[in-house]
1. What fraction of the Cα pairs in segment 147-223, stated in percent, has a spacing above 18 angstrom?
2. Could you tell me which of Val126, Leu34, Val101 has its Cα farthest along the dipole of the chain towards the positive end, charges placed at Cβ (Lys, Arg +1; Asp, Glu -1), taken about the Cα centre?
3. Expressed in nm², what is the orientationally averaged projection area of the convex hull enclosing the Cα positions of the chain?
4. For the chain, with a Gaussian network of springs between Cα atoms less than 10 Å apart, report the residue from Glu241, Glu30, Glu45 with the top mean-square fluctuation.
5. Mind checking which of Ile316, Ile122, Ile233 has the largest fluctuation in a GNM of the chain, springs on alpha carbons under 10 Å?
6. Please work out the FRET efficiency for the pair Lys202 and Asn123, using the Cβ-Cβ distance as r and a Förster radius of 25 Å; give the result to the nearest 0.05.
7. Return the subset of Lys128/Lys203; Lys80/Lys202; Lys22/Lys46; Lys57/Lys128; Lys57/Lys202; Lys57/Lys203 for which the Cα-Cα distance in this structure is over 28 Å, preserving the input order.
8. Using 7 Å Cα-to-Cβ label points, what is the Arg340/Ser27 separation (nm, one decimal)?
Amino acid sequence: MNAAAIGNGDKLSHIRVSGLTKRYSTSRGEVLALDDVSISIGAGEKVVLLGPSGCGKTTLLRCIAGLESPDAGEIEIDGKIVYSSSMRIHLPPERRGLSMVFQSYALWPHMTVFQNVAYPLINARVPKADIEARVMAALRMVNCDIYADRYPSQLSGGQQQRVSLARAIVGRDETVLFDEPLSNVDALVREQLRNELAALQKKLAFSTVYVTHDQSEALALADRIAVMRSGRIAQIGSVREIYERPASRYVAGFTGAANIIEGRISSVEKDVAAVQTAIGPLQVRPDGLAADQAISIVIRPEHLQFSDARPAVNAIRGRIELATFLGVYTEYILAAQDQRLVVRSTRPDLLDEGSEVWVTLDTKHAVTFATDGGHE
Ligand SMILES: Nc1ncnc2c1ncn2[C@@H]1O[C@H](COP(=O)(O)OP(=O)(O)OP(=O)(O)O)[C@@H](O)[C@H]1O
Ligand SMILES: [Mg+2]
């Protein structure tokens, strides 16, 4: 079992997935979509699954929902085993106490907005007298009560996605699974819906597993992020841990822009290690490093700072190739020897393209990986 993938507070976990494996057979052989995945999600916790296309995000969500039948492992929801290969348990989706929001809104076209949202309540045999109030309350929460009598085809994409959110929360399930729910709406509506969703989660406190490949969505919505790669969880941690302490170059690259500088350690002392790189000597934290090792230094664009004079340590000389004013900060592309560095700076004066500048990197924000140690 992948120990790194198990979350904190196992006892309190609301969803516990252990050793989950799922293979699909195709005409060209088997696809290992999930490879021994273990993850725990606490009550009320928001976990985001992040990773490239085909890494197994949807498969993991569908296995939790009961829409897919795994080959091995166990899934427990709220203390109840809903899937176990060894005990031969496989509860159908409707007995798992969760709802799911899909990328395509999946509303019934022949039903009105009201009827769509009422559907899960009718299925769950909620007394008729309660249905109207609950449907309207859910629609109000997503600002769609005025559309109750319309058909989905009479709504915009953003409005349809709001209605599918209402349908997901109307049952008051303790878990809502989201599979890229915002990828079909345009950028402005996406940001608005993302904020509404965050507010809704706070208010209703349901547990969430949320699939996306949008990094900013992941950073905004998650308590913890699980970065997936080829059917496995590469790293799971708090948003800050994943961003500031990525465990591999792969994770660093998947959670926001990162500069990667290759080098070789020349000496290791108590507090610093000296590294020779093509853009000059740099200092990094010495933890776990040895002299003569080849390493990659990962540094975020906001952790490279301009300096008016040559910095005493970690001095990097470069020429500004491109300056892009982006409102809150300006993004610079810097050429230092053959290396291109991205620098994000909030200093108010704009530095001219073509000018020679000094930048320095903050040793405490630099993360290092042994290049030949299997950390890709
Ligand atoms: N029904 C299926 N039959 C065969 N292979 C499948 C099936 N569903 C998924 N796969 C394969 O399993 C792997 C994982 O697919 P999955 O849909 O979980 O990826 P994903 O991470 O959700 O990707 P995306 O971001 O593109 O939605 C892929 O290689 C995919 O081709
Ligand atoms: Mg998918």
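1. Working: 1158 of 2926 pairs.
Counting every Cα pair in segment 147-223, those more than 18 Å apart make up 40 percent.
2. It is Val126, whose Cα lies furthest towards the positive end.
3. Values: hull surface 93.5 nm².
Mean projected area of the Cα convex hull: 23.4 nm².
4. Fluctuation is largest for Glu30.
5. Ile122
6. Working: r = 27 Å, r/R0 = 1.10.
According to the calculation, E is roughly 0.35.
7. On the way: Lys128/Lys203 26 Å; Lys80/Lys202 25 Å; Lys22/Lys46 24 Å; Lys57/Lys128 37 Å; Lys57/Lys202 24 Å; Lys57/Lys203 26 Å.
Beyond 28 Å between Cα atoms: Lys57/Lys128.
8. Here the answer is 4.1 nm between the modelled labels.
Readers should treat all values here as calculations from the given coordinates under stated rules, not as data from a laboratory. Here the structure is a predicted model, which is why all the values come from computation and not from measurement. In this analysis, Cβ positions are derived from the backbone assuming ideal geometry, glycine residues included, and neighbour counts consider all displayed protein chains.
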